[in-house]
1. Is there any pair linking a residue in segment 211-226 that is among the hydroxyl-bearing types (Ser, Thr, Tyr) to one that is open to solvent by 30 Å² or more (accessible area, probe 1.4 Å) and in a helix (DSSP H, G or I), with Cβ under 9 Å and at least six apart or on different chains, and which?
2. Kindly indicate whether residue 219 is surrounded by 17 or more Cβ atoms within 10 Å (Cβ to Cβ), within 16 Å of ligand 3 (Cβ to nearest atom), of a type outside the set (D, E, K, R) and not in a helix (DSSP H, G or I).
3. State which residue pairs qualify: first residue at positive phi and inside segment 95-122, second residue modelled with pLDDT of 95 or more and buried (at least 22 other Cβ atoms within 10 Å of the Cβ) in any location, beta carbons under 9 Å apart, and separation of 6 or more residues or different chains.
4. Which ranges mark the strands (runs of 3 or more DSSP E) fully within segment 10-113 that have 2 or more residues being farther than 30 Å from residue 273 by Cβ and at pLDDT 95 or above?
5. Restricting the search to segment 130-160, which residues are among the acidic types (Asp, Glu) and modelled with pLDDT under 90?
6. Can you pull out every residue in segment 154-165 that is open to solvent by less than 40 Å² (accessible area, probe 1.4 Å) and either among the aromatic types (Phe, Trp, Tyr) or within 12 Å of ligand 1 (Cβ to nearest atom) (or both)?
7. Would you confirm whether any residue within segment 93-111 is touching an Asp or Glu at 6+ places or on another chain (Cβ under 8 Å), more than 18 Å from residue 196 (Cβ to Cβ), within 16 Å of ligand 4 (Cβ to nearest atom) and open to solvent by 10 Å² or more (accessible area, probe 1.4 Å)?
8. When you check residue 262 against the structure, is it away from ligand 4 (no atom under 16 Å from the Cβ), in a helix (DSSP H, G or I) and open to solvent by less than 40 Å² (accessible area, probe 1.4 Å), yes or no?
Amino acid sequence: QAKERGRNNYQFYTDAINQRALERMQIGSALRAAIEREEFVLHYQPQLDLDSGRVIGTEALIRWRHPEMGLVYPDRFIGIAEETGLIVAIGDWVLRTACQETKRLQGLGHPDLRVAVNLSARQFARSDLAHGIEAALQDSGLEPCCLEIEITESLMMHDVDGAIGSLRALKDLGVRLSIDDFGTGYSSLAYLKRFPIDNLKIDRSFVSDIVSGHEEAAIVSSIISLAHNLRLQVTAEGVETEEQLAYLRNRRCNKMQGYLFSKPVPAEMLPALLGACLPAPATAL
Ligand code: C2E
Ligand code: MG
Ligand code: MG
Ligand code: MG
């Protein structure tokens, strides 16, 4: 009987693997065509400064308008793009498009608007990374200080000295550097101060429980202190409620991003959002 069950499990297991492999192959080959067919689009999520309550920039988030599957979110295809190497071409498209669209928005009366772009491991490992970013800036006319590059911690921990070198090359261009999903990877605090970064982004998983969970609240509060002690700015991602916002303001978190203010939206919808601001903190009378 155990043998029977073993076989069934095995069958189930291989079916699941085949299914996954099939989906990956389908997505992989469709991705290749997607670049040429211009099926990608960027949505932008506003990032707000908590002191002024104003929008200071956006994060560019890729979506895939697939002819049959509809709007496909990055969690379903970025991993595959990474494995197949297609991420390099896609990432280049993202950088160029984000810079161009942001430059255009700046011309519509938001001259200091910034944009944050996510970088994948494969992109980060390339020796011509700084070159590609410089080209995207030059071709679009966007000022380097208006571009922020988001990198995850785990991406930098593989090869710390190499990462420091790559980050330096980016800093030399004048762009801003931010660590994404901070707290979820295994970063060494000892290394953190060696990285030439400007900002930490607290992962959504901690932010979502700050009001109900004591541990999460302690983690968020510690990350904010850590950032400030290292003279870094700190952004909370995934802010969905007024209570979370109040907590973050109390702890002097610098910036926020989340559904409370806006979901990621197409570039055409941004102008209507850029003038809006967060409600002032409720003051105790
Ligand atoms: P991320 O960089 O950490 O982006 C934040 C994700 O959280 C986005 O998901 C965003 O839509 C979502 N989010 C923001 N605020 C809230 C909120 O209040 N509540 C909830 N529930 N979610 C919120 P999205 O757009 O699906 O992107 C997922 C991940 O895909 C990103 O995580 C990033 O790692 C990756 N990604 C997106 N665009 C790109 C890209 O152009 N290049 C690369 N390499 N990766 C990308
Ligand atoms: Mg990000
Ligand atoms: Mg993140
Ligand atoms: Mg994430």
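1. 221/247
2. On the way: surrounded by 17 or more Cβ atoms within 10 Å (Cβ to Cβ): yes; within 16 Å of ligand 3 (Cβ to nearest atom): yes; of a type outside the set (D, E, K, R): yes; not in a helix (DSSP H, G or I): no.
Against the criterion (surrounded by 17 or more Cβ atoms within 10 Å (Cβ to Cβ), within 16 Å of ligand 3 (Cβ to nearest atom), of a type outside the set (D, E, K, R) and not in a helix (DSSP H, G or I)), residue 219 does not qualify.
3. none
4. Counting at least 2 such residues, we get no strands (runs of 3 or more DSSP E) at all.
5. Result: 153, 159.
6. 155 - this is the single residue of segment 154-165 that is open to solvent by less than 40 Å² (accessible area, probe 1.4 Å) and either among the aromatic types (Phe, Trp, Tyr) or within 12 Å of ligand 1 (Cβ to nearest atom) (or both).
7. No, the conditions are met nowhere in segment 93-111.
8. Considered against the rule, which asks whether it is away from ligand 4 (no atom under 16 Å from the Cβ), in a helix (DSSP H, G or I) and open to solvent by less than 40 Å² (accessible area, probe 1.4 Å), residue 262 comes out as no.
The values are calculated or read from the model by the stated rules, or taken from the named source; none is laboratory data. What you see is a predicted model, and the numbers here were worked out from it, not measured in a lab. Cβ sites come from the backbone with ideal geometry, for glycine too, and all protein chains shown count toward neighbours. Accessible surface areas use protein heavy atoms only, side chains included; no ligands, DNA or RNA. Shrake-Rupley method; radii C 1.70, N 1.55, O 1.52, S 1.80 Å.
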